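Student: I'd like to ask some things about the structure below.
The values are calculated or read from the model by the stated rules, or taken from the named source; none is laboratory data. Only a predicted model underlies this, so the values are computations on that prediction, with no experimental measurement involved. Ideal geometry is used to build each Cβ from the backbone, glycine not excepted, and the neighbour counts take in all protein chains shown.
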Amino acid sequence: MRMLKFSFNLLLVMFSILLRAQTAGSISGTARDPSDAVVEGARVTVTNNATGATRSETTNSSGFYTVPNLVPGTYIVTIEKQGFTTVRFEDTPLTVAQALVLNAKFTVGSVQESVTVDGAAVAPIETQSSQLSTLVDHRTIVDLPLLTRNPYELVLLSPGTNQTNDGNNGFSVNGSRDRNNNFLLDGVDNNDTSVPGGPSGILAINPDSAQEFRVITNTFNAEYGRNTGAIIDVITRSGSNSLHGDAYWFGRYNALGARDFFNRVPDKQNPYVRNQFGFSVGGPIIKNSSFFFINNEYQRYRTTLTASSIVPTAAFKSGLFTTPNGTTVDVRTPGSPNNLTGLGLDPTVSKVLALLPSPNAGDVIPGVTGTLNFPSPDNLNSYTWTGKIDHKITENQQLTLRYAYNHAIDSNPFHTEFAPGLDVVASPSYAHGVLVGLSSTVSTRTINDFKFGWNKVFAGFTSNCAGIFDPITGADEAGNGRDVSAPDASLGVAPLSALGCNALFDSAGQVRRTGTSSYSDAISWVKGNHTLKFGGDHRDAVGRLRRLQLARCVGL
């Protein structure tokens, strides 16, 4: 199945408002003299603290200036005019998709004199847009406790968000469906188009690879036109002029946790071991020109849950058993007493039932079925890579390249087995993501921002049932295996409903591949106090689903 999605967004001219690219921010404001008159021709210089990148602008006849399409980070903003002291905003944070307003009030004096303002003290109040959003910055991501080190859990800090209970574990924002959210990574598509509604995008992130993200929940700009739910816009970290790095390790163990309800003394406590470790490194390739950042994280997760199932007793499996009312039933041979079926034990069914252990936790139907508690182990081995390069081609062109890779093999994520080792569903998966971004300053009033994104995800689900049941029940002429079905146990007329490949319905395995290629281009043109922004967004999504070895049920 192929889907083609195209949207063309045209934003109308607005007074003193700069509508910005999906991840970039902007700084704008008005310069005034001591009499509160506007100052024309003041020079505004914006310098990125980390990379040294500089952008310049001058105030217009209304004293207004705007510097659009800035990479989120910390900036020094200087505003100067002959005859007045220089106004300097130090260490000014600019967050993802933020329109920051910095107004300057000059005093008479020499440009060699300066008035320094702590930019971090400027209130981050959104006055340039009607969007309602919540910023989750890097400090919040690092400082708040995250049980599995998944920053997407912090989406719930946004007003109007709730976690759904429909099995997707996604987010409902202001009452919208969880599948209506739009996940972006560095401004390009990060949505699972095959199975939407999850709590994150195709590519996972960790606290050490994410710089920050913004959750836009209402009245978002037209450029976010894909979905009606929240916009979850994440940006990854970048390198800077200083070399920096770290290594880390986090561990959780069952010795510090409580037992499962069914895992009681004197039984051994179920193991729970989670180790997450990795490193990050970033710095300059060429000072003030090229920068790199790399993060690599591994996860090793080992646990065992206590599963419970209803299984037949040993007597029932032998064909000679006693019902709850005391009647003895013998179906071992066609002529056995009380054998109303006229049939003996089927050798194939006997082999299938022999796979089931006897009950160990009390009767369900005395003499017929009982409860079996058994260990259900799960092993997860996963790792992620995130790499990013930022390069200043010229003073007017900035190139960004990012590649991310997720790889995971989970031996039993759903704990689907109905008896020890029977119908265990394993899930291997991997995901790729690529970003190519080119920001070009065509003139002091015109900026073009181009982005190409590509992602691909593979998710497999394979049951071990075929290798266990096919040698017993055989396969049909097409090579499809056979499951064994019986009257529904919930009706009280049989000990169990089915044996075989039931976790994946009628198949022993399923594989899905999906991915999206996206192209977007946005042009911002500043004219006086007004800004016109227009652009296009093209996405090509592909998804394929394949089932492995369909199963055919036969009666018990």
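Student: Of everything in the range 55-80 that's of a type in the set (A, V, I, L, M) and assigned to a strand (DSSP E or B), which residue is nearest to Ala104 (Cα to Cα)?
Tutor: Ile79
Student: Right, next: Among the residues of the range 130-139, how many are surrounded by 15 or more Cβ atoms within 10 Å (Cβ to Cβ) and either under 18 Å from the mean Cα position of the chain (by Cα) or more than 17 Å from Asn182 (Cβ to Cβ) (or both)?
Tutor: 5
Student: To continue, here is another question. Output the number of residues of the range 367-424 satisfying the condition of being touching a Lys or Arg at 6+ places or on another chain (Cβ under 9 Å), among the polar types (S, T, N, Q) and within 17 Å of Thr462 (Cα to Cα).
Tutor: 2
Student: Also: Can you report the number of residues in the range 383-431 which are assigned to a strand (DSSP E or B) and under 30 Å from Ile286 (Cα atoms)?
Tutor: 22
Student: Just to check your reading of the model, which residue among Leu256, Leu305, Leu320 is of a type in the set (A, V, I, L, M) and touching a residue at least 40 places away in the same chain (Cβ under 8 Å)?
Tutor: On inspection, the qualifying residue turns out to be Leu305.
Student: Got a sec? Which of Val155, Val215 is farther than 24 Å from Asn296 by Cβ, outside any helix (DSSP H, G or I) and of a type in the set (A, V, I, L, M, F, W, C)?
Tutor: Checking each option against the conditions leaves just Val215.
Student: May I pose another question? Would you mind finding the one in Thr348, Thr333 that is out of contact with any Leu (no Cβ under 9 Å at 6 or more places or on another chain) and either modelled with pLDDT of 90 or more or not in a strand (DSSP E or B) (or both)?
Tutor: On inspection, the qualifying residue turns out to be Thr348.
Student: Same structure again: Take the residues of the range 503-521 that are among the polar types (S, T, N, Q) and at pLDDT 90 or above: which is surrounded by the fewest Cβ atoms within 10 Å (Cβ to Cβ)?
Tutor: That would be Ser517.
Student: Hey, does the range 323-331 have a residue that's surrounded by 15 or more Cβ atoms within 10 Å (Cβ to Cβ), within 52 Å of the chain's Cα centre (by Cα) and within 30 Å of Asn360 (Cβ to Cβ)?
Tutor: No; the residues of the range 323-331 include none that is surrounded by 15 or more Cβ atoms within 10 Å (Cβ to Cβ), within 52 Å of the chain's Cα centre (by Cα) and within 30 Å of Asn360 (Cβ to Cβ).
Student: Kindly indicate the residue of the range 413-428 that is at pLDDT 90 or above and crowded, with 18+ Cβ neighbours inside 10 Å and also nearest to Pro377 (Cα to Cα) among those meeting that condition.
Tutor: Val424
Student: Report whether or not Gly167 is touching a helix residue (DSSP H, G or I) at 6+ places or on another chain (Cβ under 7 Å) and either surrounded by 21 or more Cβ atoms within 10 Å (Cβ to Cβ) or assigned to a loop (DSSP other than H, G, I, E, B) (or both).
Tutor: Considered against the rule, which asks whether it is touching a helix residue (DSSP H, G or I) at 6+ places or on another chain (Cβ under 7 Å) and either surrounded by 21 or more Cβ atoms within 10 Å (Cβ to Cβ) or assigned to a loop (DSSP other than H, G, I, E, B) (or both), Gly167 comes out as no.
Student: Out of the residues in the range 196-227 that are among the aliphatic types (A, V, I, L, M) and modelled with pLDDT of 85 or more, which is surrounded by the most Cβ atoms within 10 Å (Cβ to Cβ)?
Tutor: Here the answer is Ile205.
Student: Out of Asp410, Asp390, report the one residue that is of a type outside the set (Phe, Trp, Tyr), assigned by TED's automatic domain parsing to the domain that holds Asp208 and crowded, with 21+ Cβ neighbours inside 10 Å.
Tutor: Just a single option satisfies the conditions, and that option is Asp390.
Student: Considering only residues that are surrounded by fewer than 22 Cβ atoms within 10 Å (Cβ to Cβ) and either part of a loop (DSSP other than H, G, I, E, B) or among the charged types (D, E, K, R) (or both), which ones fall in the range 82-97?
Tutor: The answer is Gln82, Gly83, Thr85, Arg88, Glu90, Asp91, Thr95.
Student: Please state which of the following conditions Gly52 fails to meet, knowing it meets all the rest: (1) at pLDDT 90 or above; (2) assigned to a loop (DSSP other than H, G, I, E, B).
Tutor: With (1) at pLDDT 90 or above; (2) assigned to a loop (DSSP other than H, G, I, E, B) applied to Gly52, the lone miss is (1).
Student: Give the range 238-266 a look and list any residue that's in contact with an Asp or Glu (Cβ under 8 Å, 6 or more places away or on another chain) and either in a loop (DSSP other than H, G, I, E, B) or surrounded by 13 or more Cβ atoms within 10 Å (Cβ to Cβ) (or both), or say none.
Tutor: Hits for the range 238-266 are Ser238, Gly239, Tyr248.
Student: Please find, among Ala459, Ala475, the residue that is at pLDDT 75 or above, buried (at least 20 other Cβ atoms within 10 Å of the Cβ), not assigned by TED's automatic domain parsing to the domain that holds Ala354 and not hydroxyl-bearing (Ser, Thr, Tyr).
Tutor: Ala459
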